[in-house]
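The values are calculated or read from the model by the stated rules, or taken from the named source; none is laboratory data. From a predicted model like this one, the values you see are computed outputs, not experimental measurements. Glycine gets a Cβ as well: all are built from the backbone with ideal geometry, and neighbour counts include every protein chain shown. Only protein heavy atoms, including side chains, enter the accessible area calculation; ligands, DNA and RNA are left aside. Shrake-Rupley method; radii C 1.70, N 1.55, O 1.52, S 1.80 Å.
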Amino acid sequence: MLGEALFKRRISLERKRTERSNTPFLLMLLEAGQCQSPESSRKAIFNVSSALLSATRETDVIGWYKDQNILGVIFTELVIYDKNSLLGTMLGRVSGILRDSLTFEQFSQISISFHLFPDKWDGDINQRPSNPTLYPDLSMRDNPTRLLAISKRAMDILGSALLLTILAPIFVIIALAIKLTSKGPVLFRQQRIGQHGKPFQFLKFRSMYTDNDPTAHREYVLKLINGEAHCHANSRDKDYGGVYKIAEDKRITRLGVFLRRSSLDELPQFLNVLCGQMSLVGPRPALGYEVAAYHTWHRRRLLEVKPGITGLWQVSGRCRLQFDEMVRLDLRYAKTWSPWLDIKILLRTPRAVLSGAGAY
């Protein structure tokens, strides 16, 4: 039976395998109830481990999810026709094994939960699509220690507060320009998906006409995620082969074209950073229908770090990159993150903004 560190490592490896192959596996967690004495709980959980070791297949993996407290079993090589039927069958089988090995009191205190990977993510942005505690490698990674995570949040608070103060006059000018050139609110508010699938209200300066139809954007995004989007050639980006974006979007106002190319429409997101919903540096926050269309491995960009205003892919090509390349850059950033990397990306951002290349 594997120890906690090795078992969680195995969960991570199995999850990455299933992200590539889409071959499912089932994680079962068993925990002794809190009503028992510590000694009774330990005895019950060890009886459970002995029973499972003698009843599971060679391809299954048993170990401590939480040392001496929560036992885990990874069931691989599954053929799944119906999720509910599978879970019902597994629960019945495990319950039968435990009844033969535990006293009635011990059995009644055992809590059993099942988690099927890849987990089901739908387009409902009011539900968190994944349980972050089931991704132990995100907390086991050597890079972001608690101290480094605190330093990143400190950079976010200080940086966003300072920039909001300095840029206050520009906020006023942009707000007046928006009100004078088109009808509608100054700020555009939209629900986006944050880290671990938690929705939040995303802010931008409004660059579109009100009451526009998002159908064209939705269709293009789905094609982009599936690698089927057309690369639009244009005079500013012709040396790079064009951009993966709706280059001439009729929903955008004349002022909005300028705001987008200069990235001035993004300035209100410093408020999102100050509130802790975003970071200065990280993946761009996704829309609900984008997340629903993600391939399994794309989801990691929502699990690894908070979404950001700028990021590695923004300073590496912006909309000139295909979607899979964007995701790979986001994952590379998450894997190699450090305060110094954030500083380097932030220093490269003004050049990317001023060049306007790949921005629409």
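Before moving on, here are some points about what is shown:
- Matching residues in region 94-110 - criterion: being of a type outside the set (Ser, Thr, Tyr) and assigned to a helix (DSSP H, G or I): VAL94, GLY96, ILE97, LEU98, ARG99, PHE104, GLU105, GLN106, PHE107, GLN109
- Hits in region 63-107 - residues which are surrounded by 14 or more Cβ atoms within 10 Å (Cβ to Cβ), under 14 Å from PHE46 (Cβ atoms) and β-branched (Val, Ile, Thr): ILE70
- Filtered residues of region 179-211 (kept if among the basic types (Lys, Arg), within 21 Å of LEU259 (Cα to Cα) and out of contact with any helix residue (DSSP H, G or I) (no Cβ under 7 Å at 6 or more places or on another chain)): LYS179, LYS183, ARG189, ARG192
- Residue count for region 278-309, restricted to those that are of a type in the set (Ser, Thr, Tyr) and touching a strand residue (DSSP E or B) at 6+ places or on another chain (Cβ under 6 Å): 1.
- The lone exception for VAL327 - which of (1) more than 21 Å from ASN272 (Cα to Cα); (2) of a type outside the set (Gly, Ala, Ser); (3) open to solvent by 10 Å² or more (accessible area, probe 1.4 Å) it fails: (3)
- Within region 162-216, the only residue that satisfies the criterion of being among the β-branched types (Val, Ile, Thr), assigned to a helix (DSSP H, G or I) and touching an Asp or Glu at 6+ places or on another chain (Cβ under 9 Å) is ILE174.
- Condition check for ILE157 on (1) at pLDDT below 90; (2) surrounded by 13 or more Cβ atoms within 10 Å (Cβ to Cβ): one failure, at (1).
- Residue within region 111-122 that is modelled with pLDDT of 75 or more, open to solvent by 50 Å² or more (accessible area, probe 1.4 Å) and not in a loop (DSSP other than H, G, I, E, B) present: yes
For every residue, the table says whether it meets (1) aromatic (Phe, Trp, Tyr); (2) under 17 Å from LEU346 (Cβ atoms); (3) in contact (Cβ under 8 Å) with a residue 60 or more places away in the chain.
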position: ASP249; (1), (2), (3): no, no, yes
position: ILE252; (1), (2), (3): no, no, no
position: GLY276; (1), (2), (3): no, no, yes
position: SER279; (1), (2), (3): no, yes, yes
position: HIS298; (1), (2), (3): no, no, yes
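- Index of the failed condition, LEU164 passing every other in (1) at pLDDT 95 or above; (2) open to solvent by 40 Å² or more (accessible area, probe 1.4 Å): (2)
- Selection of first residues in region 1-28 that are under 14 Å from LEU78 (Cβ atoms) and of second residues that are of a type in the set (Gly, Ala, Ser), restricted to Cβ pairs under 7 Å at least 6 apart or on distinct chains, gives the following pairs, ordered by first then second residue: LEU27/GLY72; MET28/GLY72.
- Among residues of region 184-216, those that are farther than 14 Å from VAL291 by Cα, open to solvent by 20 Å² or more (accessible area, probe 1.4 Å) and of a type outside the set (A, V, I, L, M), counted: 14
- Selection from region 86-99 of residues that are at pLDDT 80 or above and farther than 11 Å from VAL48 by Cβ: LEU87, GLY88, THR89, MET90, LEU91, GLY92, ARG93, SER95, GLY96, ARG99
- Candidate set from region 39-92 (those that are touching a residue at least 60 places away in the same chain (Cβ under 8 Å) and basic (Lys, Arg)); member that is nearest to PHE104 (Cα to Cα): LYS43
- Looking only at residues of region 217-239 that are among the aliphatic types (A, V, I, L, M) and at pLDDT 75 or above, we find that the one that is surrounded by the fewest Cβ atoms within 10 Å (Cβ to Cβ) is LEU222.
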